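Report on the following structure.
The values are calculated or read from the model by the stated rules, or taken from the named source; none is laboratory data. Every value quoted in this text rests on a predicted model; they were computed, and no experiment measured them. FYI the Cβ positions are ideal-geometry reconstructions off the backbone, even for glycines, and counts take in every protein chain you see. Heads up: the accessible areas ignore ligands, DNA and RNA and are worked out on the full protein's heavy atoms, side chains in. Shrake-Rupley method; radii C 1.70, N 1.55, O 1.52, S 1.80 Å.
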Amino acid sequence: MYDNKGNINNNNNNRNNHTENGSISSDRTANRTSFFFTNLLGEAECIERLNRTATNFEPGKYCPGTFDGWLCWPDTAAGSTAYERCPDFVTGFEPSRYAHKECGHDGEWFRHPLTNKTWSNYTKCVNIDDLELKHSVNLIYISGYSISLVAILLSLAILGYFKSLRCARITLHMNLFISFAANNSLWLLWYLVVMPDAALLHDNPPSCRALHIVLHYFLLTNYSWMLCEGFYLHTVLVAAFISEKKLVKWLIAFGWGAPAIVILVYALARGLAGTINDTMHCWMNPANFDNILVVPVCIFMFLNLIFLCNIVRVVLLKLNAPVSLQGSCGPSRTVLQAFRATLLLVPLLGLQYILIPFRPHPGHSWEHTYEVISAFVASFQGLCVATFFCFFNSEVIAQVKRKWRTMCFSNRPRANSYTATQVSMR
């Protein structure tokens, strides 16, 4: 019979259950949380299974069944190998694959040469092709967010340096840039620090969950500030008289406040009503609570499209009229430039959500293509925002050229002045 450790009581030969599974430790103490909540075949069930399926092997001719902290291994004849389905609660493992445990000719489970502890081989549970795919996609994310962050910070530096560019519209641009800079920085922190740390994901500390919440807050602010951009352009072009100072204050309150309300609801709902799968691994697993974030983003996009469609109507009417439009920062040409940039960015920023219904099933031939496109669209958004609203902005280009000419002229030697002085002395 088997005792409460999952080992056979035969001549007091109690085995040690501690194992090192490939490069991942699976001892019972370290995986106690996973054992109680996610392992479908726990230690108690393993003991019951071993007692129910006990075999009549001769002593020394088999390895006694045991529970290694992840899987239950049956009695196995000496010189053979036991196979079990890979656990489905370990991130990166495929349940359709098999782990194995070797039984030596001496009736002892194989021991790892480095630790001298019984060892279960879980290395085959990892799909190498899928792992390489995820690695390449993560590299796209890291590269895209890094490039976007540099572009956004450069844009903030340019807009902050030139005082002549200060106006209501540029204030909105800078808030949008700050939102993207914070979001890109947190995504880089997530991909460089959290994702590679399996122990951190397993422990699921409050700091990691807080990072998830703050990250998605700034993700929401990206779309709320795009809505503010569209609403501002709509108001400037459509409304005849309006206090832009008051309008900017209301838009600042909405751009940062509305996402805070949404993320508070999301955090409370997922934290209090979520299942074990929803609240483990730093909340990185997809859950139904994600709809709390997706729905507001879709609403922001839909409202922005309504504003932009009406702006198109008003612009066409005004272009056909002899009266030119004037914005608070300069001629109508600058406002129209901002409108064109917003018109291009709205569908671009929402493309990843438009593609969600068309996401291929795992293993589909288009899965890799979908993941790559999503990675490019999501990570390079900041670069697109900086390009359309700053680098391609005619006002910014004019200020940079003027500053460059001033610097070049100030560094040029004054040869003419020196010659004139010589002539006068003669």
Under 26 Å from Lys163, Cα to Cα: lysines that are on another chain or at least 8 residues apart: Lys245, Lys246, Lys249, Lys401, Lys403
Contour excess over end-to-end distance, with Cα ends at His105 and Leu200 and 0.36 nm allotted per residue: 30.3 nm
Cα gyration tensor shape of the range 132-291, rounded if a/c is under 1.5, else prolate or oblate by comparing a/b with b/c: oblate
Straight-distance crosslink candidates among aspartates and glutamates, where the alpha carbon sits under 19 Å from Lys61 and sequence neighbours closer than 8 are dropped: Asp75, Glu102, Asp106, Glu108
Highest to lowest packing among 50-60, 171-181, 224-234, scored as the average C-beta count within 10 Å: 224-234, 171-181, 50-60
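On the accessible surface of the range 184-241, probed at 1.4 Å, how many percent belong to carbon and sulfur atoms?
Working: 1640 of 2280 Å².
Ligands and nucleic acids excluded, carbon and sulfur reach 72 percent.
So between Val214 and Ile147, what do we pick up on full extension, going 0.36 nm a residue minus the alpha carbon distance?
Details: separation 67, 0.36 × 67 = 24.12 nm, distance 2.13 nm.
Stretched fully, the Val214-Ile147 segment lengthens by 22.0 nm.
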Accessible area of the range 180-324 divided out per residue, in Å², using a probe of 1.4 angstrom: 50 Å²
Net charge, Val137 excluded, C-beta distance under 12 Å - Lys, Arg +1, Asp, Glu -1: -3
Karplus-derived HN-Hα couplings along the range 174-179 (A = 6.51, B = -1.76, C = 1.60, θ = phi - 60°), whole Hz, x at Gly and Pro: 5, 5, 5, 5, 4, 4
